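One structure is given below, encoded as structure tokens.
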There are 2 protein chains.
Amino acid sequence: MEKDYCENLLNLLAQGDFSNLKRQLSEMNVVDIAEFLGTLEKGQLVRVFRILPKDISASVFSYLESEDQVDIVGSITDNELGSLVGELFLDDAVDFLEEVPANVVTRVLANTDHKTRQMINTFLKYPENSAGSIMTNEMVELHDRFTVAQAIAHIRSTGVGKETIYSCYCIDNGRRLIGTVSLSDLIFNNEGAFIRDIMHEDEKMICVNTMDDQEAVADIAKKYDLLSIPVVDNEKRLVGIITIDDIVDIIEEENTEDFEKMALMHPSDDEYLKTGVFTLVKNRIVWLLVLMVSATFTGKIIDNFEGMLAVMVGLTASIPMLMDTGGNSGSQSSTLIIRGLALGEIQMKDYPKVLIKEIQVGMLCGIILAVVNFGRMYLIAGPEKNIPIYIVTSLSLICAVVLSKAIGCSLPIIAKVFKLDPALMAGPLITTIVDALVLIIYFALAKTFLM
Amino acid sequence: MEKDYCENLLNLLAQGDFSNLKRQLSEMNVVDIAEFLGTLEKGQLVRVFRILPKDISASVFSYLESEDQVDIVGSITDNELGSLVGELFLDDAVDFLEEVPANVVTRVLANTDHKTRQMINTFLKYPENSAGSIMTNEMVELHDRFTVAQAIAHIRSTGVGKETIYSCYCIDNGRRLIGTVSLSDLIFNNEGAFIRDIMHEDEKMICVNTMDDQEAVADIAKKYDLLSIPVVDNEKRLVGIITIDDIVDIIEEENTEDFEKMALMHPSDDEYLKTGVFTLVKNRIVWLLVLMVSATFTGKIIDNFEGMLAVMVGLTASIPMLMDTGGNSGSQSSTLIIRGLALGEIQMKDYPKVLIKEIQVGMLCGIILAVVNFGRMYLIAGPEKNIPIYIVTSLSLICAVVLSKAIGCSLPIIAKVFKLDPALMAGPLITTIVDALVLIIYFALAKTFLM
């Protein structure tokens, strides 16, 4: 939405010209209307929301931030609330209720009709991030004995208010899913053709279970390029669908989770700016503590070589460089492997290939780094050059890079074998492990060649 | 696809029972067929591909890996090749040609009809990752003076082979995009209604330019929950569309790029297992070198305090712990901010709020870590406790965490101000900067309190 367009709306609002404001808003995209409402303060927000045409207000509502939703719910009558919730898609209603305080949920449920309330309650009971918790039950159902013409007529009469009419579902008398048919199948087939003859069944019918994780749902949608996926219960009865717009949200959510886990934070669905300081601390402190305490090992290693360091203080100066380069090399490998595993490009059976490749990459990177490091140390040193220290440092660097690449590519795959999330085996954790090993190698080489 | 199903197909293939194999394959989803073909060796792959029904072979082809595509192209006649490319969606043909060797491209273009060849050549010229390079020109175009019934008849007669029929586009005589209409608009409107009266125009019509970056395209599709986006040239003429399945691929590609950049690798579109060792080295070595050379500063800092370290070797043991904790704290902050910026949840104007929040989080985390660290050092120490060193280390820890959180949240936002990619300001880079600062603080505190 352009800035001056938004200013224009604000002007109309300031002038109290609600009829023009309403006309302009009704020509806008609901997403833009929601964005505009998001910039208003509470009183104005509620006033503008109430002048929205009835046919779009529920849609706009579903795009609002949850605080704004709560403000609106708090300012409208019970009647208005009942019809608003009735107009919402069921998945949007459930999303909204999952975010708001309990007293708002109670008031909303008290003001919806019996059937909607029952549905909402059922949907709220599915575990977080399950297919059941994100599906909607507003899908088009067709009889397999319909003709194409009957099916289209059925869609015309019942399809308004469905989440999508592009994918339709055929069920038997026991509500078991027996086939899917797309609106484009209907358009391209003869009007007299029977649904049972054109629907996709067996192999081509893809569906998920209510208890499947949303990540698995997204993977299937991505793999088969689907616009929506039917959701069935344990008895194969059709209970809902998940549409591509929600799949896209899931993909971004899962990616965010991976980013957070890779930086060793407890993943959170909340936007950063809306998360309190204590929650942020809680999400971050555990791993920081674990890794800090693990650093006891690196400390102990240094303590053990205290005598050597006291004699050759020059050795200490290279410790940060070795540790950082090892950590960075390991992060690169683990990031690529974690991402490859997440996208299904790397399987566990590829491990030997991956390991060999990483060791080769590590050797090459290590040699280049070692040569440059030798030059660097030689150039910045004062008049009394200490060539043996440069050699030991450079050799340690090669070992550090090879080792950290090998560990970096192995840990995510090992995590997967043990059914842990590979994303946890990212930079920070690998750095801590690599640090200790790099120090041992460095001191061992120093002891061998310099003492 | 289930394993025993796949084995069944392999059995049929081994028995040479091609008629049964063909029947089974024709009932399968094209994605699963492509997956099955991907497991075969070259000779079998080509044989099975040739028995596929004509109406699905192009679709299966578009889901194959590019090596398999090259194998097939190399084994079919010029005639077969011509009709295969003619059957492919234009965007899939372009994707395929972008990946294969030049001689294959030449042969493919030589065997396609003039119009397709011209189109492919035009599409191949758009810059990589631009909207033009990923769009297809197979969309449904409608006259705004059509009635709904005429429009549906038009879709029936021309829509087969279009990438989607769910979004249709209205253009004027100069091919300028004047409105969009969805198939669901057509279904729900009266058969006699005119397209010009029901199409979305003005504010509600969302489109992108051929030269727009694919990331911007994905952002718009996500924001407005679109199934496809029209692409126009500089004169606002409609030249193509991008459908949601490609948008989903772009989202994953852009996320992968961010993961790679955050681990300081040159982003690459290629799958890990298919990337050669030298390319992997090339993608990784630059930043490893830059950061290694930057570590000269940390080395210099240690050199400067050489005298102090020689007297108090105990100080050295805590260096890795301080550096790692600082780096980890900084990574957490930068990851959250980078992700928030990428998703549009954080804007540049939020910087003061972000900085204050991160400093508060840093203070709290720092104090907790410092207390635990004091305990840890006290417990693992031998009989002669050195309380002042524990205090200095713990104080340094607080400073390190606060500082690294402040830097971690600031650098991505600063990068954005200078139009750099915030994803580059991730863990490894922040670690290097934080390391130097942490050492300075540590040594300064040690000098003040211990000497």
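Subtracting the Cα-Cα distance of A:ARG176 and A:ARG117 from their residue separation scaled by 0.36 nm leaves 18.8 nm.
With one equal scatterer per alpha carbon and no solvent term, the Debye-computed log10 I(q)/I(0) for chain A at 0.06 1/Å reads -0.44. Measuring spread by the Cα atoms of region B:365-415 yields a radius of gyration and Dmax of 14.3, 50 Å.
Please report how far the C-alpha centroid of region B:116-186 lies from that of region A:34-65, rounded to the nearest whole angstrom. Measuring centre to centre over Cα atoms gives 33 Å.
Here is how the number arises for chain B: DSSP H runs of 4 or more residues each give -39500 (n - 2.57), the sum is divided by the residue count, and the result at 222 nm is -21000 deg cm²/dmol. Counting 0.36 nm for each residue step from A:GLN150 to A:GLU27 and taking away their Cα separation leaves a gain of 40.9 nm. The label point for B:LEU420 and the one for A:LEU273, both projected 7 Å from the Cα toward the Cβ, are 2.4 nm apart.
Relative to the longest principal axis of the Cα atoms of chain B, helix B:54-63 runs at roughly 10 degrees.
Reported to two decimal places, what Rg/Rh ratio describes region A:218-316 when computed on Cα atoms with Rh from the Kirkwood expression? Kindly include the intermediate steps, with their values, before the conclusion.
Values: Rg = 23.8 Å, Rh = 18.2 Å.
My calculation of the ratio gives 1.31.
Converting phi to 3J(HN,Hα) with the Karplus coefficients 6.51, -1.76 and 1.60 and the offset θ = phi - 60°, region A:347-364 yields 10, 4, 5, 7, 3, x, 4, 4, 4, 4, 4, 5, 5, 5, 4, x, 4, 5 Hz in sequence order, with x at every glycine or proline.
Rg and Dmax, both from the Cα atoms of region A:29-170 and both in Å, are 16.6, 54. Distance distribution note for the protein assembly as shown: the fraction of Cα pairs above 35 angstrom is 58%. Amide H contacts of A:ILE178 (H built 1.01 Å from N, in plane; Pro and chain starts excluded): A:CYS170, A:ILE171, A:ASP172 sit under 5 Å, all sequence-distant by 5 or more or on other chains. Summing charges over neighbours of B:GLU163, with a neighbour being any other residue whose Cβ is under 10 Å away from its Cβ, gives -4 when K and R count +1 and D and E count -1.
Can you tell me how much longer the chain between A:ASN190 and A:GLN15 gets when fully stretched, taken as 0.36 nm per residue apart minus their C-alpha distance, in nm with one decimal?
Values: separation 175, 0.36 × 175 = 63.00 nm, distance 5.64 nm.
Taking A:ASN190 through A:GLN15 to full extension adds about 57.4 nm, to one decimal.
Label-to-label distances for A:GLU271 across copies, nearest first, come out at 3.7 nm, using points 7 Å from Cα in the beta-carbon direction. Selection among A:THR77, A:TYR5, A:ALA436 by position relative to the dipole of chain A gives A:ALA436 as farthest towards the positive end (Cβ unit charges, Cα centre). Separation of region B:405-451 from region A:404-451 is 24 Å, based on Cα centroids.
Add +1 for every Lys or Arg and -1 for every Asp or Glu among the other residues with Cβ under 9 Å from the Cβ of A:PHE194, and state the total.
On the way: positive: A:ARG145, A:ARG196; negative: A:ASP144, A:ASP197.
Taking every Cβ under 9 Å from that of A:PHE194, the sum is 0.
Sequence-ordered 3J(HN,Hα) estimates for region B:142-155 from the Karplus curve with 6.51, -1.76 and 1.60 and θ = phi - 60° stand at 10, 7, 6, 8, 5, 8, 4, 4, 5, 4, 5, 4, 4, 5 Hz, glycine and proline given as x. Projecting the Cα atoms of B:VAL372, B:ALA131, A:CYS168 onto the charge dipole of the protein assembly as shown (Cβ charges, centred on the Cα centre) puts B:VAL372 farthest toward the positive pole.
Summing Lys and Arg as +1 and Asp and Glu as -1 over all other residues whose Cβ lies under 10 Å from the Cβ of B:ARG237 gives a net charge of 0. Placing unit charges on each Cβ (+1 for Lys and Arg, -1 for Asp and Glu) gives region A:140-244 a dipole about its Cα centre, and among A:TYR224, A:GLY159, A:SER184 the Cα reaching farthest toward its positive end belongs to A:GLY159.
Note on A:GLU80 and A:LEU124: with the Förster distance fixed at 22 Å, the Cβ-Cβ geometry gives a FRET efficiency of about 0.50. If R₀ is 22 angstrom, what is the calculated FRET efficiency for the pair A:TYR378 and A:PHE449, using the beta carbon separation as r and rounding to 0.05? Efficiency for this residue pair is about 0.85.
Using only Cα atoms, find the angle between the long axis of helix A:78-87 and the longest principal axis of chain A, and express it within 0 to 90 degrees, rounded to the nearest 10. Taking Cα atoms only, the helix is inclined about 70 degrees.
Label points for A:TYR5 are taken 7 Å from Cα along Cα→Cβ. From this copy to the others they lie 4.5 nm apart, shortest first.
If R0 equals 30 Å, the separation of the Cβ atoms of A:HIS266 and A:ALA102 corresponds to a calculated FRET efficiency of about 0.80.
Just so you know, the Rg over Rh for region B:272-450 is 1.04, from Cα atoms, with Rh as the Kirkwood radius. Once the Cα atoms of helix B:3-15 and of chain B are each reduced to a long axis, what angle between those two axes, in degrees from 0 to 90 to the nearest 10, is obtained? For helix B:3-15, the angle is close to 50 degrees. Counting only Cβ charges, +1 for Lys and Arg and -1 for Asp and Glu, the dipole size of the protein assembly as shown around its Cα centre is about 2720 debye. Taking one quarter of the surface of the convex hull spanned by the alpha-carbon atoms of region A:126-244 gives a direction-averaged projected area of 7.0 nm². Cβ crowding within 10 Å, taken as a proxy for footprinting-reagent exposure, orders A:MET312, B:MET348 from fewest neighbours to most as B:MET348, A:MET312.
Considering only DSSP states other than H, G, I, E and B, which GluC sites (Glu not before Pro) in region A:85-158 qualify as loop sites with at most 11 other Cβ atoms within 10 Å?
Numbers: sites: A:GLU87, A:GLU98, A:GLU99, A:GLU128, A:GLU138, A:GLU141; in loops: A:GLU128, A:GLU138.
Here the sparse-neighbourhood loop sites are A:GLU128.
Spatial offset of region B:282-309 relative to region B:341-395 amounts to 24 Å, using the alpha carbon center of each.
Each copy carries B:ASN190; placing its label point 7 Å along the C-beta direction from Cα gives inter-copy distances of 3.2 nm, listed from smallest up.
Nothing charged except the Cβ atoms of Lys and Arg (+1) and of Asp and Glu (-1): what's the magnitude of the dipole of chain B about its Cα centre? Round to the nearest 20 debye.
Details: 37 positive and 62 negative charges, 347 e Å.
Dipole of chain B, to the nearest 20 debye: 1660 debye.
Laboratory data are not the source of any read-out in this text; all were calculated from the coordinates shown. Remember, it's a predicted structure, so these values are computed and weren't measured experimentally. Reconstructed Cβ throughout: ideal geometry from the backbone, glycine too, with neighbour counts over all protein chains shown.
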